[in-house]
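**Student:** There's a structure below that I have some questions on.
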Amino acid sequence: MSTVEEQKILIELETMPFIVGPTDNEQERKKQEFDDVTTKKEENANGLSSVKSVMSTMISRKNGISATSGLINFICGMIGPGCFSLAVSFKQAGNGDQSLDYGQMAEAAMLNSYKWAKRHAKLAKIIVNACLLAFQLGVITVFMVFAVEHVIEIWEFIGDSPPPFSKTVMILLYFVPQMLLNFIGHMKLITILCLCGNVIIFGAIILITKELMVHKWYPTWELNTVTGIEGISLAAGALIYSFEGQAMVLPLENSLKHPKDMTGATGVLSTAMNLVTVLYAFLGFFGYVTFGPKVQGSLTLNLPNSILTVSIKGLLVLKIFFGSAIQLFVIVQMLLPSLRALISEDRKVFHRFLPYALRLGLMLISLCLALVVPNLMQIIPLVGITSGLLISLILPSFLDCMVFLPVYKKQGEMFLYYQKLIINVFLFVLGWLFLGSGLYSSIDDIINNDV
């Protein structure tokens, strides 16, 4: 089924302006250049146009990356420290340039929807960007707690005794050099170091895999099969968080030379998600049957301390240290132009110190959250079950309805109308159920320190 209106909606969402970072005055936005935009329709056997075929042959970009490069980048972005927390999920539940801004996508979806929805387009943009901001700050918080817990492990190995400071003090001590690094505006060197950090992640995965294969396993009948709705909700939060590259989907799709390579059974998205899911299922299941009830917030914390494992932990801390700077840089670039627009250009001193004040403010928010929830087994589900669930399940199902339901109803395609409505309502309600129960369980664990 294809209509002029539906194609118009999809094309507009596909070619929206996007932020690629500040220009010389740090306030202008650039737009994606397209080599070839055509509107040729391909008729199928029934004489109907296919939206998918139109969209897949419509756009070819200058300076776009190949599908192979996109696949590698997506996998590297998706696999992070969160993958080491998946065994906890099994314990809880049982066995570059950004070409499309998520907020702009939400705004365009509302503008092309019902009349009442158009009035709330700006609000939709604000909500989506706020959820993304919360998720990124949550990631930085997890990075902070992850790094400190591994520093403690390293200290205990080298000094043969626990550190003389509490975890709270350790977090504050770690915050100082991290904040100094985040004041750096030029990120090229840090980006290179973070790319090298991907090698560290894969090295840690290999080391953990070897440990999981040689370690004695718990009999599966001694482990919980299903724990209950609270445990499953917490597990859902940890699982959602572990897919750390979920915010990369739209930017990556718009950086491909041929956007059609992103979708399909063998596209970049499906291939990367399938590979990562298999890896995560392996780490989660075998991590749980290996360490059982003693599994910690990260499998790296279950590794026996030796020169090799402690070296890996040290490299992971270094990777996290530089990775946090990248995460913050992305948030600053998203917020800075809007904040600058609120300040008169004559106040040059304010403009000069605004980026530093913004970085400090954002990092203080993450620091406060890390001090309140200084445990990986608590903070990871909390981040995943709130902002992670909103941007991965609740908001997408709502916006999908806003885009396509008016089109289907106008064209009299009532079967497709009700099919999409039922599926999205189910996902929307399921998302809120998980969010409610998971948030309750997460807060209860934090209050009672039940880990």
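The values are calculated or read from the model by the stated rules, or taken from the named source; none is laboratory data. None of these values were measured; they are calculated from a predicted model. So basically every Cβ, Gly included, is an ideal-geometry build from the backbone, and we count neighbours across all protein chains shown. Only protein heavy atoms, including side chains, enter the accessible area calculation; ligands, DNA and RNA are left aside. Shrake-Rupley method; radii C 1.70, N 1.55, O 1.52, S 1.80 Å.
**Student:** Just wondering, is there one or more residues in segment 328-335 that are modelled with pLDDT of 80 or more and over 21 Å from PHE175 (Cα atoms)?
**Tutor:** yes
**Student:** Quick check on VAL276: is it modelled with pLDDT of 75 or more and of a type in the set (Val, Ile, Thr)?
**Tutor:** Yes, satisfied.
**Student:** Check LYS294 against each of (1) of a type outside the set (A, V, I, L, M, F, W, C); (2) under 21 Å from ILE201 (Cα atoms); (3) surrounded by fewer than 21 Cβ atoms within 10 Å (Cβ to Cβ); (4) modelled with pLDDT of 80 or more and name the one condition it does not meet.
**Tutor:** (2)
**Student:** Okay, next question. What residue, of TYR418, TYR408, is more than 23 Å from ALA130 (Cα to Cα) and touching a helix residue (DSSP H, G or I) at 6+ places or on another chain (Cβ under 6 Å)?
**Tutor:** Being more than 23 Å from ALA130 (Cα to Cα) and touching a helix residue (DSSP H, G or I) at 6+ places or on another chain (Cβ under 6 Å) holds for just one of TYR418, TYR408, which is TYR408.
**Student:** If you don't mind, another one. Within the set of pairs 6 or more residues apart or between chains, which connect a residue that is under 22 Å from PHE202 (Cβ atoms) inside segment 256-284 to a residue that is loosely packed, with under 15 Cβ neighbours inside 10 Å with Cβ atoms less than 7 Å apart?
**Tutor:** Listed by first residue and then by second, the contacts come to SER270/GLY264.
**Student:** Just one of (1) more than 30 Å from GLN104 (Cβ to Cβ); (2) aliphatic (A, V, I, L, M); (3) open to solvent by less than 10 Å² (accessible area, probe 1.4 Å) trips up VAL142, so point out which.
**Tutor:** If we test VAL142 against (1) more than 30 Å from GLN104 (Cβ to Cβ); (2) aliphatic (A, V, I, L, M); (3) open to solvent by less than 10 Å² (accessible area, probe 1.4 Å), just (1) comes out false.
**Student:** Let me ask something else. If you check every pair at least six apart or on different chains, which have Cβ atoms under 8 Å apart with a residue in segment 204-226 that is at pLDDT 80 or above and among the small types (Gly, Ala, Ser) first and a residue that is part of a helix (DSSP H, G or I) and open to solvent by 70 Å² or more (accessible area, probe 1.4 Å) second?
**Tutor:** Pairs that qualify, where the first residue is at pLDDT 80 or above and among the small types (Gly, Ala, Ser) and the partner is part of a helix (DSSP H, G or I) and open to solvent by 70 Å² or more (accessible area, probe 1.4 Å): there are none.
**Student:** Inside segment 125-184, can you point out the residues that are charged (D, E, K, R) and not in a helix (DSSP H, G or I)? Walk me through it before giving the result.
**Tutor:** Restricting attention to segment 125-184, the residues satisfying the condition of being charged (D, E, K, R) are 125, 149, 153, 156, 160, 167.
Once the filter is applied, which keeps residues that are charged (D, E, K, R) and not in a helix (DSSP H, G or I), segment 125-184 yields only ASP160.
**Student:** Can you find a residue that is assigned to a helix (DSSP H, G or I), open to solvent by less than 40 Å² (accessible area, probe 1.4 Å) and in contact with a Cys (Cβ under 6 Å, 6 or more places away or on another chain) anywhere in segment 312-330?
**Tutor:** yes
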